[in-house]
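Colleague: Pasting in a structure now, in structure tokens, and then I'll have a few things to ask.
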Amino acid sequence: MATVVIAALALVDAPGLGILRSAGGAVLGPLERVIAPQRGQERSALAAERDRLQDQLREARAESADEQALRDLLHAPTTAGATLVPAHVVGVGRVGASGPERITIDVGSRDGVTVDLTVVAAGGLVGRVVSTAPWTSDVALLGAPDVVVGARAGSTGSLGSVSPSGAAAPGERAPGQLTLELVGEGMVATGDEVVTLGSVDGRPFVAGVTIGTVVSVDPPRGRLTPTAAVRPAVDPTTLDIVGVLKTAPRITPRPTATGGAP
């Protein structure tokens, strides 16, 4: 009411207006000072609630993405019939010219993970476990200098090995590409799939896991064995959900067989 009276008197320039303005300020000033903090508190509360809801949304999206990635892993040909321990990538270690060479995953010895187990993603081979702690493990990635994988290439299953492509690679290599070197007179062509040959007891590599695809075959140039560039099936820079394949050593002798049986 005091504000209305002051506004009306201001229109006619009534005498005593200054006194009324002072009186109005004396009355309304404390009221405004009471209301202003309340409005500030309301804004702060609304901002906090907004931030909380945004955090929940981010967590829900992350959980949904993890669930989809796990489904992809469990339904991939790489893991068909296998027993595995799913894991998150939680750290990146040494990085070389072609990208990461080590990662840390959030499963360890208490999860049954041991050294020299194969690590895969939905797309194919990731690497091998090189050390374990109770709740984490370190993995040497395909493409690291100390990771050489026995391989089969193409429909004929030509034997060879896949290793990093360093400065001495026989042909031009794009970043991240690997080198396949065949044994003897093996044959390979562009587009051939390259898979793991397999190790004794499946350590460090089980058989039949996709390594990558041949993208070019190197000219002979007097070399004794064919070589080719391989694009890995898995991009190590985008790893999130991986699986550690659990294999047990063979404990029973393999039965003998007799040749020439009808």
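Colleague: Look at segment 218-259 and say how many of its residues are free of Cβ contacts under 8 Å to residues at least 40 places away in the same chain and either among the polar types (S, T, N, Q) or surrounded by 10 or more Cβ atoms within 10 Å (Cβ to Cβ) (or both).
Modeller: Step one: filter segment 218-259 for residues free of Cβ contacts under 8 Å to residues at least 40 places away in the same chain, giving 220, 222, 224, 238, 251-259.
Filter once more, keeping what is either among the polar types (S, T, N, Q) or surrounded by 10 or more Cβ atoms within 10 Å (Cβ to Cβ) (or both): 220, 238, 252, 256, 258.
So the answer is 5.
Colleague: Within segment 181-200, take every residue that is among the small types (Gly, Ala, Ser) and modelled with pLDDT of 90 or more and give me the one that is surrounded by the fewest Cβ atoms within 10 Å (Cβ to Cβ).
Modeller: GLY191
Colleague: Ok, one more. May I ask you to list the residues in segment 206-247 that are at pLDDT 90 or above, touching a Ser or Thr at 6+ places or on another chain (Cβ under 8 Å) and part of a loop (DSSP other than H, G, I, E, B)?
Modeller: Across segment 206-247, the qualifying residues are VAL206, ALA207, GLY208, VAL209, ALA233, LYS246.
Colleague: Now for a separate question. From LEU31, LEU46, LEU20, which residue is of a type in the set (A, V, I, L, M), modelled with pLDDT of 65 or more and assigned to a helix (DSSP H, G or I)?
Modeller: On inspection, the qualifying residue turns out to be LEU46.
Colleague: Hey, can you tell me all the residues within segment 83-120 that are over 18 Å from the mean Cα position of the chain (by Cα), surrounded by fewer than 18 Cβ atoms within 10 Å (Cβ to Cβ) and either in a loop (DSSP other than H, G, I, E, B) or β-branched (Val, Ile, Thr) (or both)? Break it down into steps so the answer makes sense when it comes.
Modeller: Within segment 83-120, the first condition is being over 18 Å from the mean Cα position of the chain (by Cα), and the residues that meet it are 83, 97, 109-117.
Applying the additional criterion that residues be surrounded by fewer than 18 Cβ atoms within 10 Å (Cβ to Cβ) yields 83, 97, 109-110, 112, 114-116.
Answer for segment 83-120, where residues must be over 18 Å from the mean Cα position of the chain (by Cα), surrounded by fewer than 18 Cβ atoms within 10 Å (Cβ to Cβ) and either in a loop (DSSP other than H, G, I, E, B) or β-branched (Val, Ile, Thr) (or both): THR83, ALA97, GLY112, THR114, VAL115, ASP116.
Colleague: Being modelled with pLDDT under 90 and not polar (S, T, N, Q) is the requirement here; does ARG203 meet it?
Modeller: Numbers: modelled with pLDDT under 90: no; not polar (S, T, N, Q): yes.
No, not satisfied.
Colleague: State which residue pairs qualify: first residue part of a strand (DSSP E or B) and inside segment 129-149, second residue of a type in the set (Gly, Ala, Ser) and surrounded by fewer than 23 Cβ atoms within 10 Å (Cβ to Cβ) in any location, beta carbons under 6 Å apart, and separation of 6 or more residues or different chains.
Modeller: Every condition considered, the pairs that remain are VAL130/ALA140; THR132/GLY108; THR132/SER109; SER137/GLY108; ASP138/SER131.
Colleague: Shifting gears a bit: When both residues are 6+ apart or on different chains and their Cβ atoms are under 6 Å apart, which pairs have a first residue that lies in segment 189-207 and is farther than 18 Å from VAL120 by Cα, and a second that is hydrophobic (A, V, I, L, M, F, W, C) and part of a strand (DSSP E or B)?
Modeller: Going by the 6 Å Cβ cut-off, the qualifying pairs are THR190/VAL214; ASP192/ALA153; ASP192/VAL214.
The values are calculated or read from the model by the stated rules, or taken from the named source; none is laboratory data. None of these values were measured; they are calculated from a predicted model. Virtual Cβ from ideal backbone geometry, glycine too; neighbours counted across all protein chains shown.
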